[in-house]
Amino acid sequence: MTPKILALLTFVLSLSFAAAAFLVRDFGGFRPDQFPVPQNDPPVQPAGYAFAIWGVIYLWLVLGMGFGLLRRADSPAWQAMRPPLCMSLAIGTLWLPVAMRSPIWAGILIWAMLLSALVALFRAPREDRLWAAYPVGLYAGWLSAASCVLLGLLTAGYGWVSAPTAALVFVFLALVLAAAVQSNLGGIPTYALAVIWALVAIILPNMTGDVYVAALAAGGAAALIPPAFKAWRADRQRTAS
């Protein structure tokens, strides 16, 4: 596949990924009855407003990949990022219809989306970070949180552990994953910011419910602020130099 065709494919897939959210409007999150043990207000799930971040992710990816098509179609720095990002976006385009039918398959697919998005993130060009690394970082960060949340829903929804235990285990997993990724990323703060956004949205509904989950999410969000700030400062220094 030529560089220009790959650049076009990446842009088209970013459009199809965004369009899927408008075409599949019946999905408003997993229904409680999609699980053998109905999940009513599970403590692992962020508050509904947090999912508005998808609007930013969709728009930024479309604009970024559009910039890449028009201005960086032949750039070797962009080429390394595009194949894994295409894989992630292609899976993401199909994710909503699958999620409406099978939480288990949705869990498998979202982890495939995440892993390919992380590969793309580590390959993203730094010289055009506003159009490449930053939107992909926000996307991968939210997927990191969402993938762990879905594991929490599955383990509680299939009765393997209680909902509070699942929340504690998988919020902690999200923290470990986010800390490991951000510490190796360098100057891309959007990854950690997306995870912090998700954690704050877990704190609020649990403040009057499961205070242990709220405390863990709050501690995790606070712990991710320093590496996010360090990444932002490194980015500023790179820009200044």
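Across the range 172-187, not a single residue is classified as hydrophobic (A, V, I, L, M, F, W, C), touching a helix residue (DSSP H, G or I) at 6+ places or on another chain (Cβ under 6 Å) and outside any helix (DSSP H, G or I).
All conditions but one from (1) among the polar types (S, T, N, Q); (2) crowded, with 21+ Cβ neighbours inside 10 Å; (3) over 15 Å from the mean Cα position of the chain (by Cα) apply to Asn184; the one that does not is (2). Among the residues of the range 204-214, those identified as assigned to a helix (DSSP H, G or I), surrounded by fewer than 20 Cβ atoms within 10 Å (Cβ to Cβ) and of a type in the set (A, V, I, L, M) are Leu204, Val211. Is there a residue in the range 146-167 that is touching an Asp or Glu at 6+ places or on another chain (Cβ under 9 Å), buried (at least 24 other Cβ atoms within 10 Å of the Cβ) and over 24 Å from Phe11 (Cα atoms)? Yes, because at least one residue in the range 146-167 is touching an Asp or Glu at 6+ places or on another chain (Cβ under 9 Å), buried (at least 24 other Cβ atoms within 10 Å of the Cβ) and over 24 Å from Phe11 (Cα atoms). Per the listing Met100, Met65, the residue uniquely surrounded by fewer than 20 Cβ atoms within 10 Å (Cβ to Cβ) and either assigned to a helix (DSSP H, G or I) or modelled with pLDDT of 95 or more (or both) is Met100. Can Val195 be described as surrounded by fewer than 24 Cβ atoms within 10 Å (Cβ to Cβ) and not in a loop (DSSP other than H, G, I, E, B)? Spelling it out, it is not the case that Val195 is surrounded by fewer than 24 Cβ atoms within 10 Å (Cβ to Cβ) and not in a loop (DSSP other than H, G, I, E, B). You will find that of Gly28, Gly92, the residue that is of a type outside the set (S, T, N, Q) and surrounded by 16 or more Cβ atoms within 10 Å (Cβ to Cβ) is Gly92 and no other.
Counting residues in the range 30-46 that are part of a helix (DSSP H, G or I) and more than 30 Å from Thr165 (Cα to Cα) gives zero. Which members of the range 144-163 meet the condition of being in contact with a Ser or Thr (Cβ under 8 Å, 6 or more places away or on another chain) and touching a residue at least 40 places away in the same chain (Cβ under 8 Å)? Within the range 144-163, just Ala156 meets the criteria. If the condition is being farther than 12 Å from Gln79 by Cα and modelled with pLDDT of 90 or more, then the range 10-30 contributes Phe11, Val12, Leu13, Ser14, Leu15, Ser16, Phe17, Ala18, Ala19, Ala20.
Cβ-Cβ contacts under 9 Å between residues 6 or more apart (or on different chains), taken from a first residue in the range 88-111 that is under 15 Å from Arg31 (Cα atoms) to a second residue that is acidic (Asp, Glu), are listed as Leu96/Asp26; Met100/Asp26. Residues in the range 103-138 that are β-branched (Val, Ile, Thr) and surrounded by 20 or more Cβ atoms within 10 Å (Cβ to Cβ): Ile110, Val136.
The values are calculated or read from the model by the stated rules, or taken from the named source; none is laboratory data. If you're wondering where the values come from, they're calculated on a predicted model, not measured in any experiment. A quick note on method: Cβ atoms are made from the backbone with ideal geometry, for glycine too, and the neighbour counts reach across all protein chains shown.
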